[in-house]
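> Structure in structure tokens, see below.
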Amino acid sequence: ATLFVVAPFSMSACAAFILNRPAPGNLRASLLVAQYAVLLSALALLLFALEEAICIAMALPVASVMALFGGLVGHALAVRSTVPAANLFLAVLALPFLTAAESRRPPPPLREVISAIEVDAPPTEVWPHVIGFSALTAQPPWYFAAGIAHPLRAEIRGSGVGAVRHCVFSTGPFVEPITVWDPPHRLAFDVAAQPPPMRELSPWGAIAAPHLEGTLTSRRGEFRLIALPGGRTRLEGSTWYDLDMYPQIYWTLWSDGLIGGIHDQVLEHVKRLAEG
């Protein structure tokens with residue numbers, strides 16, 4: 001919340017205040033300079049290798065909205081009040097303390113993403129391609145090719161409960177101990193280890209982005225194979241995960257959509273294999 005909400009608001013309010021303090025101007029100029037403050041800070045994050053392009057692009061909509069509110073407040077304070085400039089800048093100094101307080105927030109809720117597809121093959125023919133599948137041949141959507149982790153293949157060692165499935169992604173493998181083995185109806189697993197959620201897209205190559213560690217955590221997954229009339233199968237996939245990033249209502253739009261996109265790639269691939 002401090003990074004994506006309070007910081008853009010504060011820097012934009014300060015920028016608009018500085019612009020109007022000597023001689024009050026129009027509101028449009030205040031809103032523009034507020035947006036410039038956010039854009040310049042985003043450029044600085046990229047320039048000094050503190051952040052990568054995809055995360056900046058995802059954060060800009062939230063930051064831009066907060067910049068509008070900050071520009072309004074900074075303009076009003078400069079034009080209609082006698083608040084000393086030092087008082088406004090004290091609010092910026094409070095940002096580190098807000099960050100420390102935020103670390104005491106409750107854990108994020110567990111979320112489930114469900115996807116489904118119908119396969120023109122019976123569950124007995126779909127099951128082998130669920131527990132492990134060959135390399136995906138379809139080109140991933142552009143946003144996955146830009147660096148976000150996407151599935152490549154799945155391998156399994158052993159069979160039954162206790163076997164370990166490895167779902168290999170572009171950034172590394174998910175390690176998935178099997179918890180439910182009910183062929184050809186249901187396969188469930190925990191996630192014991194997972195790779196980074198993305199490969200950084202930056203002019204500097206690989207950069208350290210600590211916020212990616214532990215922010216999006218997959219907890220468990222499940223496949224369900226439901227027999228349909230005519231020897232067909234409804235194949236469902238679920239992922240349970242938590243996302244430790246605020247505002248939740250915004251960031252879960254991205255995470256739910258991306259996980260749903262990963263599901264679609266896997267389910268389409270299993271469908272092609274089973275029907276082939």
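The values are calculated or read from the model by the stated rules, or taken from the named source; none is laboratory data. Values in this document were obtained by computation on a predicted structure and should not be read as measured data. No Cβ is skipped: glycine too gets one built from the backbone with ideal geometry, and neighbour counts run over all protein chains shown. Surface areas here come from the heavy atoms of the whole protein model, side chains and all, with no ligands, DNA or RNA. Shrake-Rupley method; radii C 1.70, N 1.55, O 1.52, S 1.80 Å.
> If you check every pair at least six apart or on different chains, which have Cβ atoms under 7 Å apart with a residue in the stretch 18-34 that is surrounded by 14 or more Cβ atoms within 10 Å (Cβ to Cβ) and of a type in the set (D, E, K, R) first and a residue that is modelled with pLDDT of 90 or more and not in a loop (DSSP other than H, G, I, E, B) second?
As it stands, the answer is none, since no pair meets every condition given.
> Tell me which residues, restricted to the stretch 56-75, are of a type in the set (A, V, I, L, M), free of Cβ contacts under 8 Å to residues at least 60 places away in the same chain and open to solvent by less than 40 Å² (accessible area, probe 1.4 Å).
Those that are of a type in the set (A, V, I, L, M), free of Cβ contacts under 8 Å to residues at least 60 places away in the same chain and open to solvent by less than 40 Å² (accessible area, probe 1.4 Å): Ile56, Ala59, Ala63, Ala67.
> Against the definition (basic (Lys, Arg), without any contact (Cβ under 8 Å) to a residue 40 or more places away in the chain and assigned to a strand (DSSP E or B)), how does Arg153 come out, yes or no?
In short, yes.
> When only residues in the stretch 110-137 that are open to solvent by 80 Å² or more (accessible area, probe 1.4 Å) and part of a loop (DSSP other than H, G, I, E, B) count, which is farthest from Arg220 (Cα to Cα)?
The extreme case among them is Asp120.
> Okay, moving on. When you check His150 against the structure, is it open to solvent by less than 60 Å² (accessible area, probe 1.4 Å), at pLDDT below 95 and either under 26 Å from Leu253 (Cα atoms) or out of contact with any Gly (no Cβ under 8 Å at 6 or more places or on another chain) (or both), yes or no?
Judged against the criteria, His150 is a match.
> All but one of (1) open to solvent by less than 30 Å² (accessible area, probe 1.4 Å); (2) in contact with a His (Cβ under 7 Å, 6 or more places away or on another chain) hold for Met198; state the number of the condition that does not hold.
For Met198, the exception is condition (2).
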